Amino acid sequence: MNPNNRLSSAFVRDHADAAARVLEGFAPEDVASFLATVKPVTAAQVIMHFTPGFAASCVQCTETTVAGRIFAGLPAENQIMLLRQLDRDKRESLLDTLKPDLAASLQKLLPYSEGTAGALMETLLVTIPEGLSIRDAVKRVKRIRRGMKFYVYVTNAEGQLSGVLTLHELINSQPASLVSDVMHKHVLSLSPEQPVQSVIDNAYWQEYYALPVTDENNVLLGVIRQKSVRRLQEHMIKHDAVSDGLGTFITVGELFSRAAAFLLTTLIATGASPPRQNTRD
């Protein structure tokens, strides 16, 4: 049976979750053909509600140009989840359809295992060198089009995290001051190898919108957003008894992947950034 006989484009657009449940009853190649007939943004919404394996099978069957348009509409965590499950040729051809900066950021995430902080982070974030004046730092930040801008991370010449300040603090500091004199120097960060459960349990989410992720040499790798972690936590609590269909419970990493496939939004960053409202050193 063809999905076109069961679902209208309007229904798929307005009820992506329900449409996904219906479509998972069809063969991946038929679903791929159907999703090619709807708007890419609608197809992306549906794919986010598929289980990871089925989503990957559908993308694998989709013509690369079409798949690229759909893929570009997915949140970062869904993109990286799919890339990990595609075969090498499909993965590389899909990355070639993306903007270079996005493709590069996803390539950086692929080595990190599912279920770790590294797999949750986004690498498109706002960084400035510590030697800049506030005036020059503001000019630089204004030119940055992508990435989370609530926190501005400060790095040294080696890319190591040396400080952080909020965008509000940056804009309202004296233009002639140096970034290094204004930034918060004591920054908490997460390790990319940390289990996802320890990221969720981190007490600093009570205070910060995002935390940076750094390697063993304190080189800034990316950031994980608080709102993304909270959505994941809520989903995991709601589905803490999810089975993989074979009677065995899924691992934390698999649970994250499945949770991410159902979420309608995004994830990302790490570190002891300044508090949301009242900053402190």
Hits in the stretch 124-148 - residues which are among the β-branched types (Val, Ile, Thr) and surrounded by fewer than 17 Cβ atoms within 10 Å (Cβ to Cβ):
144
Any residue in the stretch 83-92 that is farther than 30 Å from residue 215 by Cβ, of a type in the set (Lys, Arg) and either surrounded by fewer than 19 Cβ atoms within 10 Å (Cβ to Cβ) or touching a Leu at 6+ places or on another chain (Cβ under 6 Å) (or both)?
no
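Here's the yes/no breakdown for (1) over 29 Å from residue 139 (Cβ atoms); (2) among the hydrophobic types (A, V, I, L, M, F, W, C):
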residue: 181; (1), (2): no, no
residue: 184; (1), (2): no, no
residue: 189; (1), (2): no, no
residue: 197; (1), (2): yes, no
residue: 200; (1), (2): yes, yes
residue: 204; (1), (2): yes, no
residue: 211; (1), (2): no, yes
For residues in the stretch 149-174 being over 24 Å from the mean Cα position of the chain (by Cα) and touching a residue at least 60 places away in the same chain (Cβ under 8 Å), which is surrounded by the most Cβ atoms within 10 Å (Cβ to Cβ)?
169
Out of all the residues in the stretch 160-199, which are touching a Ser or Thr at 6+ places or on another chain (Cβ under 6 Å), under 24 Å from residue 215 (Cβ atoms) and not hydroxyl-bearing (Ser, Thr, Tyr)?
161, 164, 190, 193
Identify all residues within the stretch 104-123 that are surrounded by fewer than 21 Cβ atoms within 10 Å (Cβ to Cβ) and farther than 19 Å from residue 87 by Cα; write none if there are none.
115
Check off (1) hydroxyl-bearing (Ser, Thr, Tyr); (2) assigned to a helix (DSSP H, G or I); (3) closer than 19 Å to residue 77 by Cα for residue 113 and give me the number that stays unchecked.
(2)
Matching residues in the stretch 178-203 - criterion: being surrounded by 15 or more Cβ atoms within 10 Å (Cβ to Cβ), more than 16 Å from residue 228 (Cα to Cα) and without any contact (Cβ under 8 Å) to a residue 60 or more places away in the chain:
178, 179, 180, 182, 183
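Bear in mind that the values in this text are calculations on the coordinates, not laboratory data. Values in this document were obtained by computation on a predicted structure and should not be read as measured data. Note that we place each Cβ from the backbone using ideal geometry, even for glycine, and neighbour counts take in every protein chain shown.
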